[in-house]
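Notes to accompany the following structure.
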Protein chains: 2
Amino acid sequence: MASVRLALAQTNPVVGAISSNLEECFQQVKLAAAEGANLVLFGEMVATGYPIEDLAQRHTFVEQAEQAISAFATRLSDAGLGDIHVVIGHPAIVAPDKANGWAIAQNCASVLHGGTVVGTYAKHHLPNYSVFDEYRVFVPGNESLNFEIDGLRFSILICEDIWQSGGPVAALKGNNTDVALVLNGSPFEAGKQQTRRDLVAKLATENNCAVAYVNLVGGQDDLVFDGASLMVDAIGAIVTECANFEADRQLVDISSRSEVVKASPGAIKSGDELEDIWNALVLGLRDYVGKNGFPSVILGLSGGIDSAVCAAIAADAIGAQNVHGVSLPSVYSSDHSKSDAFDLADRIGLPIRTEAIADMVAVAENQLKLDGLSAENLQARVRGLILMSLSNLEGHLTLTTGNKTELAVGYSTIYGDSVGGYAPIKDVAKTVVWQLARWRNERADKLGQTPPIPENSIVKPPSAELRPGQVDQDSLPEYDLLDSLLELYIDERLGRDEIIARGFEQATVDRVIQLVDRAEWKRRQGAIGPKITGMAFGRDRRLPITNRFKQN
Amino acid sequence: MASVRLALAQTNPVVGAISSNLEECFQQVKLAAAEGANLVLFGEMVATGYPIEDLAQRHTFVEQAEQAISAFATRLSDAGLGDIHVVIGHPAIVAPDKANGWAIAQNCASVLHGGTVVGTYAKHHLPNYSVFDEYRVFVPGNESLNFEIDGLRFSILICEDIWQSGGPVAALKGNNTDVALVLNGSPFEAGKQQTRRDLVAKLATENNCAVAYVNLVGGQDDLVFDGASLMVDAIGAIVTECANFEADRQLVDISSRSEVVKASPGAIKSGDELEDIWNALVLGLRDYVGKNGFPSVILGLSGGIDSAVCAAIAADAIGAQNVHGVSLPSVYSSDHSKSDAFDLADRIGLPIRTEAIADMVAVAENQLKLDGLSAENLQARVRGLILMSLSNLEGHLTLTTGNKTELAVGYSTIYGDSVGGYAPIKDVAKTVVWQLARWRNERADKLGQTPPIPENSIVKPPSAELRPGQVDQDSLPEYDLLDSLLELYIDERLGRDEIIARGFEQATVDRVIQLVDRAEWKRRQGAIGPKITGMAFGRDRRLPITNRFKQN
């Protein structure tokens, strides 16, 4: 009776780091071989990292990747691993037209065996929506690829292929496929893991085949790949899953399409949305910092909820000792803004210092005769200047602590509180920031640890403290209402009248829509941050700055 | 004998301003009718402006545009203009799936006649390269549209359709088309007008038909549509052209595909590359300022060439009185940096003031103990803070004066000299900045006007003046060499070894490539500015920030 031991190899590649990505793959194959695997499946474009964007059009990049894959096949064979079938993702050049230095590439998966590339499959369905631009950089493939091991027939598909009908999915039955091997680069969104499980189960039952789904893991700029690779049998039952948010390798033994059993201790996870979001934010920050070679981060600590949550995420990601807090009080700062910041630092155990902004503000205010909004913005800009100066002096990455709600309505000072290379809660609505703070504190409680976020930062009315007695709700609707309205306008793309029909006050709707539309130029200059929703600001939502559309 | 009088109506729409765009179209039809036209051709998506990006996915937007087109047809008829055939560009919804608020739209051109929409054509070839994302937001059409007037057969095509073979181009002969009517939204690039002329002539001769090519004109964010609409007869001879960089309307009388004569004084232009670039930069700035409702601009004047050229462009665009210069001297500023800035202001006639940065710099430097790079960046950031404060106080749009070479190698201080909403010379290499300065001064000389750029700003060695005696060439290769190298790496996408093979020193190539790759995060937060080359920073060149690719 047939039996193939398949390793689901969920790794965390770095875009462009071809040789270290493949070194990690080599170690994975070696370990899987030692565990008795004779088939190893990696994620989409694991050799180069993903997404590579316009690097796909640079012929030296794609050639280097292709050559590395051939060399990898040889290396496996030289190491006595040539008997193992390895399925690995990488780009390849279709048309070797180097006349202008451009590559015409495909998003591929190759089968390596016996020291050579025995077959290469090119992705059929190229996603060109949301954050993806694959029609821009790849040409679609149009042929299926399948191979046999020990009487079992395997077919290869890549990510978007299984989200669309037609093409390779339609060929599964005709090929009499026992096991579909799917390489994925599927970024995290809250709730998406269940969507993927349902999709994979449906693929299995509709085509009467087992499905191995291997995702990447790790942060890449504004995307977080959450892993959660899985195996289902032909009746759609989940056999095993890889870990969320970390590298993992799980084994399954396949006797037939309907007889698939797990051969390692992987477990099916119960999802908790806030936990998943927190972990995505932590991984996104950790990998941005680590993959870009920063030793540490710096951020302003205002005593408010946003900077507190960012500091806690950063401490979970890279260790509290690498998170440098700065209290930046002004003459308008409340006592609690300082004490809450120090309480936070104390709870987390992060280094904090105070840099008062009063002297710089006074000199600028007097020289430039500022008042009102220009004086408020000045305070935020002096804070930004201080953080960037300390970043330059000490080598930290500056974090900017704005949340999605603020970004949406432009409630920030450009070149002020928005300065920084990475925005940890950019895609987290204000109401979710509070939920995350409570969730993180509760988790600490459960584990017998000190809750990181001061209760006072959670319960006090949010304020930018740029003038005496100021609170956010002087300028903005209550956050519950505001976030609901923004969800309808931004995520669901409803029109003004449709939103009003949902029960919102007309004047509020008009004002919020205007704020959102007018803030586009600020968002365009904002730092990147991890996408956790179906509609993140950035390449997920591409709108003109110059735009006079009047909603109806 | 047949005779159709065709008006090429080259207008400057604003994205989203559907009713005022169509009001302008109405006036154009009325004027053309008074001139005897019985066919009026507008540019691509003129009703909504172009490109509309993800607005195409908002169903209220596309529905509003479609309804406006129907109403426009009625209005024409009500005004006694129903006999005229009007061909006009707009988006339309294919699949009216409003379940999630998303539209599934096409990029269309409708023929209006007798008070109704008598036919609608959907663009077949959707550009999804360079700055375009049309596969993202539109679905392709697959049917030709042609109609007859007075025995002449007209076929409609939209922009990219004529840059690709197959589809509607292939149908021209089969349809026995006399005149191809092509609606375009083709952005300016230096040298592109001749490419278009050649393409249109080839289309005519290969398909034995006359071709009317109407382009949009005007700035839209980082794109400048240069107009230059044209008419060629079936032997490929240019009959007439519309103006460059301004709205225009030209008439031709068409007796047959090979008998086309001009009926208005449009003239074929002789191209001057520097003049075209200058005019593109002027129009881009004017429309960004005007379409976004700014009364004026403000910029720092350092006495250097970049700020001088930006000021001259701005003055040409919106009038010197609306261009506010600020001299921002430091303790390291040379006498000439101040005197050259005042000389420039005097030549141009723009208001200038001085805001010394010394006091703010001293306070920050002392408080934060800055020196070296952090102290240099501080100076730039205090300048940025002053400009933004004055912008907040007085309502000006802040211009940032960095050139393409600086942006490429990251030779700027983020949140310092990079502050601003618009970057007039963002896509202009340093060597071209000097050429433009000389060209603009020569033009003034020829016209008997005062040359705007001080000779000293052109001839002195470029310096950021952030430390005593500093010049750019302390840190960077000579600009001639640097710009040639950048062209190979960025525009031509050559690899390291290929660039070295062109005769560049290995150490220089490695250093420049590293500078370019490492500056990606800064570019991502930069202001938009007008594209004038085939490879502008921004959506033309999409690269990951996290990227460890080592060139070979």
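Structure summary
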read-out	value
Of residues in the stretch B:286-308 being open to solvent by 20 Å² or more (accessible area, probe 1.4 Å) and of a type in the set (S, T, N, Q), the one nearest to the other protein chains (Cβ to nearest Cβ)	B:292
Candidate set: the stretch B:44-72, residues that are open to solvent by less than 10 Å² (accessible area, probe 1.4 Å) and among the small types (Gly, Ala, Ser); chosen: the one nearest to residue B:217 (Cα to Cα)	B:49
Matching residues in the stretch B:19-65 - criterion: being assigned to a loop (DSSP other than H, G, I, E, B) and either at the interface with chain A (Cβ under 9 Å from one of its Cβ atoms) or under 21 Å from residue A:494 (Cβ atoms) (or both)	B:48, B:49, B:51, B:52
The stretch A:103-145, subset polar (S, T, N, Q) and in a strand (DSSP E or B), residue surrounded by the fewest Cβ atoms within 10 Å (Cβ to Cβ)	A:116
Enumeration of residues in the stretch B:356-375 that are within 20 Å of residue B:337 (Cβ to Cβ) and open to solvent by less than 30 Å² (accessible area, probe 1.4 Å)	B:357, B:360, B:361, B:375
Failed criterion for residue B:148 (all others in (1) closer than 30 Å to residue B:259 by Cβ; (2) part of a strand (DSSP E or B); (3) under 25 Å from the mean Cα position of the chain (by Cα) hold)	(3)
Candidate set: the stretch B:173-207, residues that are closer than 16 Å to residue B:152 by Cβ and touching a Lys or Arg at 6+ places or on another chain (Cβ under 8 Å); chosen: the one surrounded by the most Cβ atoms within 10 Å (Cβ to Cβ)	B:179
Condition broken by residue A:403, with the remaining ones in (1) surrounded by 21 or more Cβ atoms within 10 Å (Cβ to Cβ); (2) closer than 30 Å to residue B:366 by Cα satisfied	(2)
All positions within the stretch A:188-201 that are within 25 Å of residue A:145 (Cβ to Cβ) and not charged (D, E, K, R)	A:199, A:200, A:201
Of residues in the stretch B:418-451 being in contact with a Pro (Cβ under 8 Å, 6 or more places away or on another chain) and among the basic types (Lys, Arg), the one farthest from residue B:294 (Cα to Cα)	B:430
Filter result for residue A:16 (in a loop (DSSP other than H, G, I, E, B), surrounded by 18 or more Cβ atoms within 10 Å (Cβ to Cβ) and out of contact with any strand residue (DSSP E or B) (no Cβ under 9 Å at 6 or more places or on another chain))	yes
The stretch B:529-552 - residue that is within 26 Å of residue B:281 (Cβ to Cβ) and facing chain A (nearest Cβ under 7 Å) and, of those, farthest from the chain's Cα centre (by Cα)	B:543
Any hit, the stretch B:466-473, residues being over 16 Å from residue B:380 (Cβ atoms) and within 14 Å of chain A (Cβ to nearest Cβ)	no
Hey, residue A:86 open to solvent by 10 Å² or more (accessible area, probe 1.4 Å) and in a strand (DSSP E or B) or not	no
Any hit, the stretch B:339-357, residues being in contact with a Gly (Cβ under 6 Å, 6 or more places away or on another chain), touching a residue at least 24 places away in the same chain (Cβ under 8 Å) and either among the hydroxyl-bearing types (Ser, Thr, Tyr) or within 14 Å of chain A (Cβ to nearest Cβ) (or both)	no
The stretch B:424-459, residues that are of a type in the set (Gly, Ala, Ser), open to solvent by less than 10 Å² (accessible area, probe 1.4 Å) and under 30 Å from residue B:372 (Cα atoms)	B:457
The stretch A:334-347, residues that are open to solvent by 30 Å² or more (accessible area, probe 1.4 Å) and of a type outside the set (Asp, Glu)	A:336, A:338, A:339, A:342, A:347
Residue in the stretch B:491-507 that is open to solvent by less than 50 Å² (accessible area, probe 1.4 Å) and in contact with a strand residue (DSSP E or B) (Cβ under 7 Å, 6 or more places away or on another chain) present	yes
The stretch B:377-417 - residue that is of a type in the set (Ser, Thr, Tyr) and facing another protein chain (nearest Cβ under 9 Å) and, of those, farthest from the chain's Cα centre (by Cα)	B:389
Some residue of the stretch B:467-487 being on the phi > 0 side of the Ramachandran plot and either within 27 Å of the chain's Cα centre (by Cα) or surrounded by 17 or more Cβ atoms within 10 Å (Cβ to Cβ) (or both)	no
Any hit, the stretch A:309-317, residues being more than 14 Å from chain B (Cβ to nearest Cβ), without any contact (Cβ under 8 Å) to a residue 24 or more places away in the chain, part of a helix (DSSP H, G or I) and closer than 30 Å to residue A:467 by Cα	no
Some residue of the stretch A:416-425 being more than 23 Å from residue A:485 (Cα to Cα), of a type in the set (S, T, N, Q) and either modelled with pLDDT of 95 or more or in contact with a His (Cβ under 6 Å, 6 or more places away or on another chain) (or both)	yes
Selection from the stretch B:319-333 of residues that are more than 22 Å from residue B:467 (Cα to Cα), open to solvent by 30 Å² or more (accessible area, probe 1.4 Å) and either at pLDDT below 95 or not in a helix (DSSP H, G or I) (or both)	B:324
In the stretch B:508-537, residue nearest to residue B:432 (Cα to Cα) [restricted to those that are open to solvent by 50 Å² or more (accessible area, probe 1.4 Å) and touching a strand residue (DSSP E or B) at 6+ places or on another chain (Cβ under 9 Å)]	B:524
Sole exception among (1) open to solvent by less than 20 Å² (accessible area, probe 1.4 Å); (2) of a type outside the set (A, V, I, L, M); (3) farther than 27 Å from residue B:352 by Cα for residue B:253, by number	(1)
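Table: residues versus (1) modelled with pLDDT under 95; (2) within 22 Å of residue B:462 (Cα to Cα).
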site	(1), (2)
B:479	no, yes
B:486	no, yes
B:500	no, no
B:520	no, no
B:524	no, no
B:543	no, no
B:546	no, no
B:550	yes, no
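The values are calculated or read from the model by the stated rules, or taken from the named source; none is laboratory data. None of these values were measured; they are calculated from a predicted model. Note that we place each Cβ from the backbone using ideal geometry, even for glycine, and neighbour counts take in every protein chain shown. Protein only, heavy atoms only, side chains kept; ligands, DNA and RNA dropped before computing areas. Shrake-Rupley method; radii C 1.70, N 1.55, O 1.52, S 1.80 Å.
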